[in-house]
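The values are calculated or read from the model by the stated rules, or taken from the named source; none is laboratory data. Note that the coordinates shown come from a computational prediction; the quantities given were computed from them, not determined experimentally. Ideal geometry is used to build each Cβ from the backbone, glycine not excepted, and the neighbour counts take in all protein chains shown. Calculation scope for accessible area: heavy atoms of the full protein, side chains included, ligands and nucleic acids excluded. Shrake-Rupley method; radii C 1.70, N 1.55, O 1.52, S 1.80 Å.
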Amino acid sequence: MAILTILEFPDPRLRKAASPVTRVDDTVRRLVDDMLETMYAAPGVGLAANQVNVQRRVVVIDVSDTRNQPWVFINPEIEILDDSRREYDEGCLSVPGFYEKVDRPEHIRVRALDRDGQPFVIAPQDLMAVCIQHEVDHLNGKLFVDYLSPLKRQRIRMKLAKLQHATA
């Protein structure tokens, strides 16, 4: 396994939509393992493949307190079950150090393949539901900062650019 480099906003590669996985094989499982290692090391609770510059529809998540209950979502599809919404504080490994409130659907259903290519369906709640929506946004080339006002987004962009320049 390997720790992968996480792309940071405003890297244009984060805006590319990921392609569906056509076959779950050892290459995809190795990607999943590397993504989990990267997510845990960061540390984070979710990671989409395009955040590590792999344009495939793969997401890993672990919202457990013990950090030993990983979920793998390959080709995830979200269905919104009703109009209820909830605001959550969100952060992102690609936007390090920033947390902002984002309003998202509260009740969803997710269909995906697991790391062995087996289909499954879940109806997650709370942080898991938020995390899945956040990561699927990544797969579609969208970041949580896109839900913010242009002014907030620009401030974050400028602060990150300043930090990136200082560490380069």
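Quick look at the values:
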{"quantity": "Convex hull projection area averaged over all views, region 26-99, Cα basis, nm²", "calculated": "6.1"}
{"quantity": "Ranking by accessible area, most exposed first, for S94, S19 with a 1.4 Å probe", "calculated": "S19, S94"}
{"quantity": "Choice from Q133, Q125, Q69 showing the highest fluctuation, given a GNM over the chain with Cα pairs closer than 10 Å", "calculated": "Q69"}
{"quantity": "Carbon/sulfur fraction of accessible area - the chain, other protein chains in place, 1.4 Å, %", "calculated": "51"}
{"quantity": "Cβ-derived FRET efficiency at R0 45 Å, A166 paired with I80, nearest 0.05", "calculated": "0.65"}
{"quantity": "R56 long-range amide H proximity, modeled H, under 5 Å", "calculated": "S19, N50"}
{"quantity": "Whole-Hz couplings from phi, Karplus 6.51/-1.76/1.60, listed for region 68-85; x for Gly and Pro", "calculated": "9, 10, x, 10, 10, 10, 10, 6, x, 10, 9, 10, 7, 8, 7, 8, 5, 10"}
{"quantity": "Karplus 3J(HN,Hα) series, Hz, for region 5-16 with 6.51 cos²θ - 1.76 cosθ + 1.60 (x for Gly, Pro)", "calculated": "7, 8, 5, 10, 3, x, 3, x, 5, 5, 8, 7"}
{"quantity": "³J(HN,Hα), Karplus 6.51/-1.76/1.60, whole Hz, each residue of region 96-104, x for Gly, Pro", "calculated": "x, x, 10, 9, 9, 6, 10, 8, 9"}
{"quantity": "Cα-based Rg / Dmax (Å) for the chain", "calculated": "15.5, 46"}
{"quantity": "Loop chymotrypsin sites (Phe, Trp or Tyr not before Pro), region 1-74 (other Cβ atoms within 10 Å of the site Cβ: 14 or fewer; DSSP)", "calculated": "none"}
{"quantity": "1.4 Å probe accessible area per residue over the chain, in Å²", "calculated": "54"}
{"quantity": "Residues with amide H under 5 Å from that of E90, placed H, sequence gap 5 or more", "calculated": "E100, K101, V102"}
{"quantity": "Residues whose placed amide H lies under 5 Å from that of L4, excluding near-sequence neighbours", "calculated": "T38"}
{"quantity": "Cα→Cβ-extended label distance, 7 Å offset, between Q125 and N140, nm", "calculated": "2.5"}
